[in-house]
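K.L.:
Questions regarding the structure given below will be posed in turn.
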Amino acid sequence: MSDWDFDLLGDPIPEGHGRRGRPPHMPTDENRRKVMLLAAFDKNEEQIAAALSITPPTLRKHYFRELRARLEARHRLEGKLLAALAKEVDAGNVSAMDKLFKRLDRQDLATGATSQPTRQAKPPKKGKKEAAVEAAHTAHEGSPWGNLLRH
């Protein structure tokens, strides 16, 4: 690409520019980053192609590696953002610390792990009627009628 000319936007001018037909799509590093970012945010191929002003078949032809690594793109982006957040925390940024704590709490909720011990839930109290019914079932125990009244 060193012998190619570039237009005003910095995109390479393809061979045969000015001839009939639409010029072929030239993938750039910036477009590859856009595809990775949009794939990380779970956009479908039609939406990604529309963002680049190309057709879905052209997208699949030139950016198949980026599309294949859709899940990896999300993890890479998340790792990059967390690294930047950790760098801000190391610099003493209090709002970054708050965001990191919130992120950790959200992660704990998602995995079921909690930093605080959980309390045992108390069983609900019985009402008057429920207590009376339960007492009636065991009223004969410990009395002389206990042997005569068996269920």
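K.L.:
Tally the residues that are surrounded by 12 or more Cβ atoms within 10 Å (Cβ to Cβ) and assigned to a helix (DSSP H, G or I), restricting the search to the stretch 82-99. Step through it out loud before you land on a result.
P.N.:
Of the stretch 82-99, the ones surrounded by 12 or more Cβ atoms within 10 Å (Cβ to Cβ) are 82, 85-86, 88-89, 93, 96-97, 99.
Filter once more, keeping what is assigned to a helix (DSSP H, G or I): 82, 85-86, 88-89, 96-97, 99.
So the count comes out to 8.
K.L.:
To continue, here is another question. Would you point out which residue out of 10, 21 is touching a helix residue (DSSP H, G or I) at 6+ places or on another chain (Cβ under 9 Å), outside the structural domain of residue 102 (by TED's automatic domain parsing) and loosely packed, with under 13 Cβ neighbours inside 10 Å?
P.N.:
After applying the criteria, what remains is 10.
One line per residue, one yes/no per condition, for (1) of a type outside the set (S, T, N, Q); (2) in contact with a strand residue (DSSP E or B) (Cβ under 7 Å, 6 or more places away or on another chain):
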| position | (1), (2) |
| --- | --- |
| 12 | yes, yes |
| 20 | yes, no |
| 27 | yes, no |
| 33 | yes, no |
| 47 | no, no |
| 61 | yes, no |
| 72 | yes, no |
| 79 | yes, no |
| 89 | yes, no |
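K.L.:
Next question, about the same structure. For the stretch 120-151, which positions are at pLDDT 75 or above, exposed (fewer than 10 other Cβ atoms within 10 Å of the Cβ), not small (Gly, Ala, Ser) and not in a helix (DSSP H, G or I)?
P.N.:
Of everything in the stretch 120-151, those that are at pLDDT 75 or above, exposed (fewer than 10 other Cβ atoms within 10 Å of the Cβ), not small (Gly, Ala, Ser) and not in a helix (DSSP H, G or I) turn out to be 120, 122, 123, 124, 125, 138, 141.
The values are calculated or read from the model by the stated rules, or taken from the named source; none is laboratory data. The structure displayed is predicted, hence computed values, not measured ones. All Cβ positions, even for glycine, are placed from backbone atoms using ideal geometry, and neighbour counts span all protein chains on display.
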